[in-house]
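Following: one structure in structure tokens, then a few remarks.
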Amino acid sequence: MSNKDSVQIAPATGKLGILLVGQGAVTTTFIAGVEAIRHGLSKPIGSLTQMATVRLGKRTEGRSPRIKDFVPLAELADLVFGTWDIFEDNCFEAAEHAGVLERAQLEQLRKPLEAIRPMPAVFDQSYVRRLHGTNVKAKGSKMDYAEMLMDDIRQFRERTNAARLSMIWCGSTEVFHTAAAVHQTLKDFECGLQKSDPEISPSQIYAYAALKSGVPYANGAPHLTTDTPALLELARDRQVPVSGKDFKTGQTFMKTLIAPGLKSRMLGLSGWFSTNILGNRDGEVLDDPGSFQSKEESKLSSLEHILQSDLYPDLYQHFDHKVRIEYYPPRGDAKEGWDNIDIFGWLGYPMQIKINFLCRDSILAAPLVLDLVLFMDLAQRAGMRGVQEWLSFYFKAPMTAPGLYPEHDIFIQLMKLKNTLRWMRGEDLITHLGLEYYD
Ligand SMILES: NC(=O)c1ccc[n+]([C@@H]2O[C@H](COP(=O)([O-])OP(=O)(O)OC[C@H]3O[C@@H](n4cnc5c(N)ncnc54)[C@H](O)[C@@H]3O)[C@@H](O)[C@H]2O)c1
């Protein structure tokens, strides 16, 4: 099946302004990486938009363009950056503090990084309890904050002469909360902003400001933000794409690689215990039980969905799944994760798998940020609005239409992403049926 009337995609001319909420480890590693690539110092490793290809037509046709040559994406040379943070450090100082990249490498990028200074943040201590910063906006109602942010967006657009914008949350994880009455309709939400309803979190104020300004919004953290009827209504009304939640890096990335494999061979699971140590600021925030609960919910959901215990009760009905995160400062950003997986096979004989992943959180997350901001901009130019389920590939807890279970299997997610690109360009979708080769 193909979309022969292929989608009209506006060209990616002019600059693309990337607005990042939070200028911590992920943001600084992302910006420094883009600068390094632009200066020819490195390659965009880990980025699908920059390195991956997409097969078109039959295997015998030999057509596999790079994604960036197949769909019109903004060029790295055309990206300009703006950030908000509660700390005043410029992007160079913040990158130094994050301690992800080596000093000598950062020195090479000092000039462009020093030029990026974070705009004062909208911050509420009750949503991120462990941090205290001074670079925050003057007191006002939540609607005042939304207007201040819209003003920031307008000024950034003018200052940088950006033709389009794409916004992404790379700020701290807010405490767990679920949709309340104020999140049910846009009218309720706007009333709530006027009254500074305590159920409206800072991330929702940023998202509201983005969507009102016609700017796509992606959520790299696990908290609710746009996953509410009110903000989805706004996204639809304004024809703006949204996506989330929580970058799929480290341990959940491993989980979504291994679990589909076990299921594909009908091997059973009796338990999966995951534990991590990390010592960056994210780890410090997640040391608070409220923020940890947001993360835990997002980390736990993938296995249940992949294994489908309702369809395979003999294999997956009673497995124990535990996730622990320990804040351990000596590790900094170099997280270490351990997984102990208890599985069973033929005649119920038990086996174990152990994974010890010595990863670097922000090194894994940075290329995801790049792909997301570029694809969200593409989606907007292609007239796509609301939840972008085809970007599930990037998230631990993918957003979906109400009532639809999320697809967590990373290989299905990748197929969905590439088929969406084929669909956009009017190419045949790839079903992997393959009978035609044997006719
Ligand atoms: N690194 C990964 O692999 C990974 C994976 C999944 C999700 N995440 C999520 O991405 C986010 C960023 O991670 P990080 O390692 O860069 O964390 P970080 O702590 O280094 O950076 C977050 C920054 O956000 C700022 N901030 C907090 N509240 C803010 C607000 N209201 N407005 C503006 N700035 C605010 C903080 O001051 C901090 O500088 C976290 O929520 C994390 O859970 C990261």
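None of the figures in this text is laboratory data; all of them are computed from the coordinates on show. Every value quoted in this text rests on a predicted model; they were computed, and no experiment measured them. Here the Cβ positions follow ideal geometry from the backbone for every residue, glycine too, while neighbour counts run over all protein chains shown.
Database remark: amide H of THR53 closer than 5 angstrom to the amide H of ILE67 (H placed geometrically; neighbours at sequence offset of 5 or more, or on other chains; Pro and chain starts carry no H). Using a 10 Å cut-off around each Cβ, can you sort VAL26, VAL122, VAL175 from fewest to most neighbouring Cβ atoms? So the ranking, lowest neighbour count to highest, is VAL175, VAL122, VAL26. Taken one residue at a time, the phi angles of the range 194-201 give Karplus couplings (6.51, -1.76, 1.60, θ = phi - 60°) of 4, 8, 6, 4, x, 6, 8, 8 Hz. Gly and Pro are set to x.
Calculated translational diffusion coefficient of the range 122-226 (10 °C, 1.306 mPa s; Stokes-Einstein with Kirkwood radius over alpha-carbon pairs) equals 111 µm²/s. Working note: 222 nm ellipticity from helices only, DSSP H runs with n ≥ 4, each -39,500 (n - 2.57), summed and divided by the residues of the chain, gives -11500 deg cm²/dmol to the nearest 500. Taking other C-beta atoms within 10 Å as the exposure proxy, TRP423, TRP84 rank TRP423, TRP84 from fewest upward. Charges were assigned to the Cβ only: +1 to each Lys and Arg, -1 to each Asp and Glu. The resulting dipole of the chain about its Cα centre is roughly 980 debye. How many angstrom lie between the Cα centre of the range 295-309 and the Cα centre of the range 186-202? With the range 295-309 and the range 186-202 each reduced to a Cα centre, they are spaced 30 Å. With a Förster radius of 45 Å applied to the C-beta separation of ARG129 and ASP342, the computed FRET efficiency comes to 0.80.
Across the range 1-95, the relative contact order, built from alpha-carbon pairs under 8 Å that are at least six residues apart, equals 44 percent. Sequence-ordered 3J(HN,Hα) estimates for the range 11-19 from the Karplus curve with 6.51, -1.76 and 1.60 and θ = phi - 60° stand at x, 8, 7, x, 7, 10, x, 9, 9 Hz, glycine and proline given as x. Residues MET376, MET351, arranged from fewest to most other Cβ atoms within 10 angstrom of their Cβ, appear as MET351, MET376. Stretching GLN184 away from TYR312 to a fully extended chain increases their span by 42.6 nm, per 0.36 nm per residue minus the current alpha-carbon distance.
Between the alpha-carbon centers of the range 320-335 and the range 137-180, tell me the distance in whole angstrom. Measuring centre to centre over Cα atoms gives 30 Å. Seen from ASP89, the other residues with C-beta closer than 13 Å to its C-beta sum to a net charge of -3, counting Lys and Arg as +1 and Asp and Glu as -1. Only residues of the range 384-410 count here: report those whose backbone N is under 17 Å from the spot 7 Å along Cα→Cβ of ARG238, or say none. Backbone N within reach: 384-388. The mean sequence distance of close C-alpha pairs (under 8 Å, at least 6 residues apart), as a share of the length of the chain, puts its relative contact order at 21 percent. Gain on full extension, evaluated as 0.36 nm per residue between SER196 and GLN108 minus their Cα-Cα distance, stands at 27.2 nm.
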